[in-house]
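A.B. asks: Just dropping this structure here.
The values are calculated or read from the model by the stated rules, or taken from the named source; none is laboratory data. In this text the structure is predicted, and so the values were computed from the model without any measurement. Note that we place each Cβ from the backbone using ideal geometry, even for glycine, and neighbour counts take in every protein chain shown. In case anyone asks, the SASA skips ligands and DNA or RNA and just uses the protein heavy atoms, side chains included. Shrake-Rupley method; radii C 1.70, N 1.55, O 1.52, S 1.80 Å.
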Amino acid sequence: MSAPPSTRRGLILVIASPSGAGKSTLSRNLLQAEEGALSLSVSVTTRARRPSEIDGVHYKFLTVRDFERLRDQGDLLEWAEVHGNFYGTPRTPVEEALTAGRDVLFDIDVQGTMQVYEAMREDVASVFILPPSIAELERRLHRRAEDDDATIRRRLRGAKAEIACWNRFDYVLINDDLDRAFQDLRAILRAERLKRERSSSLEGFVGDLVRDLDTVVTRA
Ligand code: ADP
Ligand code: 5GP
């Protein structure tokens, strides 16, 4: 008898953080390293597109009216208003991926994370990213140079409420050294994939082991 191929339901890896802590950088690096084994859930948003962003890749950019239509039809797994804009996760692609055993990365805020917990807690592993200091958080927001000063101030104000939710997450990483934080994130994903509850082949495999053991013991 040889070990069965692992069959399991996909998992949702939620990464949340106050804006600027490095969540997008870590997510991007993880998606690259996982090469197709993990895909990003592309959110819909009413926020204006940043120059570096591609519609349909980073977000699907919608009018408020279109967003509200999706939300009211129940097509969003979760949604939230963040920094004055709407964001939401389309439901169908996620459900299809999990059923097919593929893992999905969610880059969402704390409010959205709580909604996903309510809907499907057992499918979720959540990671909260903290900056090493507030001075460094501010530096990173300025260094990113994607937002104007007013937007950065709004994001820093929002950081207080977000950081207060750190203990609602399964794992907390302090993103000081990027490489170290990335290695820790990969270790989390690897361990979460191996969780007993996620394996659908294990029960049968153990049943076979026990049956074979009974045979051997009876023969002895
Ligand atoms: P978030 O997605 O959390 O808003 P980003 O990933 O866009 O944050 O990171 C904000 C800025 O900080 C980017 O310019 C990024 O390159 C930089 N950054 C991310 N992690 C680190 C780190 N560990 N050390 C230094 N700079 C970092
Ligand atoms: P940004 O505008 O910087 O891309 O994102 C702002 C915040 O919105 C981030 O904390 C990001 O994680 C969050 N966000 C992005 N997409 C979603 C989503 O689909 N749902 C929720 N709840 N938050 C999201």
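A.B. asks: State, in angstrom, two size descriptors of the chain derived from its alpha carbons: Rg to one decimal place and Dmax to the nearest whole number.
C.D. replies: 20.4, 78
A.B. asks: Another question, if that's okay. Of Ala119, Val210, Leu194, which is farthest towards the positive pole of the stretch 110-220's charge dipole, taken about the Cα centre with +1 and -1 on the beta-carbons of Lys, Arg and Asp, Glu respectively?
C.D. replies: So the residue we want is Ala119.
A.B. asks: Got a sec? What order do Asp66, Asp72, Asp147 fall in by accessible area at 1.4 Å, biggest, i.e. largest, first?
C.D. replies: Asp72, Asp66, Asp147
A.B. asks: Have a look at the DSSP beta bridges in the chain and tell me what percent are antiparallel, nearest 5.
C.D. replies: 30 percent
A.B. asks: Can you give the relative contact order of the chain as a percent, counting alpha carbon pairs under 8 Å and 6+ residues apart?
C.D. replies: RCO, the chain: 32 percent.
A.B. asks: Follow-up question, since we're still on this one. Would you mind pulling out the separation of the Cα centroids of the stretch 78-107 and the stretch 172-201, in Å?
C.D. replies: 19 Å
A.B. asks: Follow-up question, since we're still on this one. Positive end of the dipole of the chain, charges at C-beta (+1 Lys, Arg; -1 Asp, Glu), about the Cα centre: which of Thr89, Ala150, Phe67 has its Cα farthest in that direction?
C.D. replies: Ala150
A.B. asks: Considering all alpha-carbon pairs of the stretch 6-56, what whole percent are spaced by more than 13 angstrom?
C.D. replies: It works out to 70 percent of all Cα pairs.
A.B. asks: For the stretch 28-114, what relative contact order do you get, as a whole percent, if you take Cα pairs closer than 8 Å and at least 6 residues apart?
C.D. replies: Dividing the mean separation by the residue count of the stretch 28-114 yields 33 percent.
A.B. asks: If the only charges are +1 at each Lys and Arg Cβ and -1 at each Asp and Glu Cβ, what is the size of the charge dipole of the stretch 114-203 around the Cα centre, to the nearest 20 debye?
C.D. replies: Taking the Cα centre of the stretch 114-203 as origin, the dipole is about 100 debye.
A.B. asks: Over the heavy atoms of Ser52, what accessible area does a 1.4 Å probe trace out, to the nearest 10 Å²?
C.D. replies: Surface open to solvent at Ser52 totals about 70 Å².
A.B. asks: If you don't mind, there's one more thing I want to ask. Got a sec to turn the phi values of the stretch 17-22 into Karplus ³J(HN,Hα) couplings, 6.51 cos²θ - 1.76 cosθ + 1.60 with θ = phi - 60°, whole Hz, x for Gly and Pro?
C.D. replies: Per residue, the Karplus-derived 3J(HN,Hα) values read 5, x, 4, x, 6, x Hz.
A.B. asks: Regarding the stretch 21-133, what's the average projected area of the Cα-atom convex hull, expressed in nm²?
C.D. replies: With every direction weighted equally, the projected area is 7.9 nm².
A.B. asks: Oh, and also: Can you tell which of Asp148, Asp75, Asp109 shows the greatest fluctuation in a Gaussian network model of the chain with Cα springs below 10 Å?
C.D. replies: Of Asp148, Asp75, Asp109, the most mobile in the Gaussian network model is Asp148.
A.B. asks: A follow-up question, please. So what's the stretch 90-220 giving for Cα Rg divided by 2.2 N^0.38 Å, two decimals?
C.D. replies: Normalised Rg, Cα atoms only: 1.52.
A.B. asks: Springs between alpha-carbon atoms under 10 Å, Gaussian network over the chain: tell me which of Pro93, Pro131, Pro18 tops the mean-square fluctuations.
C.D. replies: Greatest mean-square fluctuation among the candidates belongs to Pro93.
A.B. asks: Work out the length of the dipole vector of the chain about its Cα centre, built from +1 on the beta-carbon of each Lys and Arg and -1 on the beta-carbon of each Asp and Glu, and round it to the nearest 20 debye.
C.D. replies: 300 debye
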